[in-house]
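Scroll down for the structure; my scribbles are underneath it.
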Amino acid sequence: MSDPGVTNEEIAGVFAAQWPRLVATVVRDVGDLGLAEDCAQEAFAAATRQWPRAGMPAQPGGWLLCVARHKAIDHIRRSIRFREVLPRLDAYGHDDLDGPEITADLLDDQLRLLLGCCHPALGAPAQVALTLRIVGGLSTEQIARAFLVSEAAMTRRLTRAKTKIREANIPFTRSDQETLNARLPSVCSVIYSVFTEGHASSSSATLIRGDLCDEALWLADLLGTLVPDEPEVAGLLALLLFIDARRSTRVDADGRPVLLADQDRSAWDRTMIARGLANLARANSARRAGPYQSQAAIAALHATAADFESTDWSSIVGLYDVLAAQSPSPVVALNRAVAIGQAHGPQSGLDTLDHLAADSGAAELGDYVYFHSARAEFLATLGRHQESAEAFRRALQVSANSVEGEHLHSRLESVSALAL
């Protein structure tokens, strides 16, 4: 053990890194998703009780895995599956202190877990939400914010999904290529959702969760290896690479967000951008367009522009038109409106946003922080500072990220001073 004094933040960091690996490993051991999740949660609960007092183990992943397996054994001893599963667990022994390291076998375990969560017996929203919970380790509250629904609604969705898995006896075993191909849209959606949470975290601790970005990139890379001829998989990987290339410049030294216009483009990861361009070219060569390829093309225009002012905003608007036809959503409509504002002026952007607000189909945007912050910025550019301040206040009301909230508060103070 290390010296005592482990903080909740340190334990949260271990949780973020180890949760998906721990659940994937225990699912492989016991073949039961609900049991694996329960045992992983119990292991982390034990860590929060013991580590602050006794110190963090030298191998925290191994400690958690041992505890989770002990918990699984305790549960199984009380079930009729004792003779079937217990020998499998005992075969690992009690000294597996290295824990679930990142190996090819573990990534394959995680992919099996991902495919199980994307079983066709589950609806698409449940597939994505369940995987964010089980694979990504996100809280129900975080997932609810990602989907723009209430926490109560997301709790019901997750409960129904777990019940369906249990009652339908959905397996978490290796799938053949045909099954993998059939589930690709759901798998891609899950990976993108995990990355989105990492890229713009809905938690209050930090804006970027690099661990989730890394998990999504690993899974996208693996998926690209398993399905090399699927253009949407290559498009998804390209999209993630383009966006993640900017990770180091998206926050300043104090963790505050840095807007795209102010980011140091010389610090963008050019190797990742080159990989993104190669994957996008490979996807385009198949001549089977899809929404991930369209998003990747938009991200490529940002990644290759010399500076913010020289960005080809007109082409970006055109690509958003294509994306809106392929995969319409309130968020796509919002991003299109922002691009219109950059291409044709802030009044055009504001008009488009206000049209969205009046559209009952885009009602979800009323609680979406970026809708209000986009309006606030357009209003500020137009010199309508009082209205801009009101929009920033609304953005603050719906923001759940403290770092993001600090930025919004700073902008609110700036425009409020101009409104006097």
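Quick notes on this structure:
- Filter pass, Ser285 being at pLDDT below 95 and in contact with a Pro (Cβ under 9 Å, 6 or more places away or on another chain): yes
- Of the numbered criteria (1) of a type in the set (S, T, N, Q); (2) more than 21 Å from the chain's Cα centre (by Cα); (3) surrounded by fewer than 19 Cβ atoms within 10 Å (Cβ to Cβ), the one Thr311 fails is (3).
- The number of residues in the stretch 248-262 being in a loop (DSSP other than H, G, I, E, B), crowded, with 17+ Cβ neighbours inside 10 Å and without any contact (Cβ under 8 Å) to a residue 24 or more places away in the chain comes to 0.
- One residue from Ala376, Ala333, Ala395, Ala400 being in contact (Cβ under 8 Å) with a residue 24 or more places away in the chain and either outside any helix (DSSP H, G or I) or polar (S, T, N, Q) (or both): Ala400
- Matching residues in the stretch 371-410 - criterion: being under 22 Å from Ser348 (Cα atoms), among the basic types (Lys, Arg) and surrounded by fewer than 21 Cβ atoms within 10 Å (Cβ to Cβ): Arg384, Arg394
- Those helices (runs of 4 or more DSSP H) of the stretch 20-102 in which at least 2 residues are farther than 23 Å from Lys164 by Cβ, modelled with pLDDT of 85 or more and open to solvent by 60 Å² or more (accessible area, probe 1.4 Å), considering only elements entirely within it, cover 33-54.
Every residue, every condition in (1) of a type outside the set (Phe, Trp, Tyr); (2) within 16 Å of the chain's Cα centre (by Cα); (3) assigned to a loop (DSSP other than H, G, I, E, B); (4) surrounded by fewer than 21 Cβ atoms within 10 Å (Cβ to Cβ), yes or no:
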| residue | (1), (2), (3), (4) |
| --- | --- |
| Leu114 | yes, yes, no, no |
| Ala121 | yes, no, yes, yes |
| Gln127 | yes, yes, no, no |
| Leu132 | yes, yes, no, no |
| Ala144 | yes, yes, no, no |
| Ala152 | yes, no, no, yes |
| Thr155 | yes, no, no, yes |
| Ala161 | yes, no, no, no |
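- Where a residue in the stretch 227-247 is under 15 Å from Gln295 (Cβ atoms) and in contact (Cβ under 8 Å) with a residue 40 or more places away in the chain and its partner, wherever it lies, is in a loop (DSSP other than H, G, I, E, B) and open to solvent by 30 Å² or more (accessible area, probe 1.4 Å), with Cβ under 7 Å and at least six apart: Pro231/Ala286; Pro231/Arg288; Ala245/Asp269
- Looking only at residues in the stretch 263-306 that are farther than 22 Å from His199 by Cβ and not in a helix (DSSP H, G or I), the one that is most open to solvent (accessible area, probe 1.4 Å) is Arg287.
The values are calculated or read from the model by the stated rules, or taken from the named source; none is laboratory data. These numbers were taken from a predicted model, which means no experiment stands behind them. Counting neighbours? That spans all protein chains shown, and the Cβs are built from the backbone with ideal geometry, glycine included. Heavy atoms of the whole protein, side chains included, go into the accessibility calculation; ligands, DNA and RNA do not. Shrake-Rupley method; radii C 1.70, N 1.55, O 1.52, S 1.80 Å.
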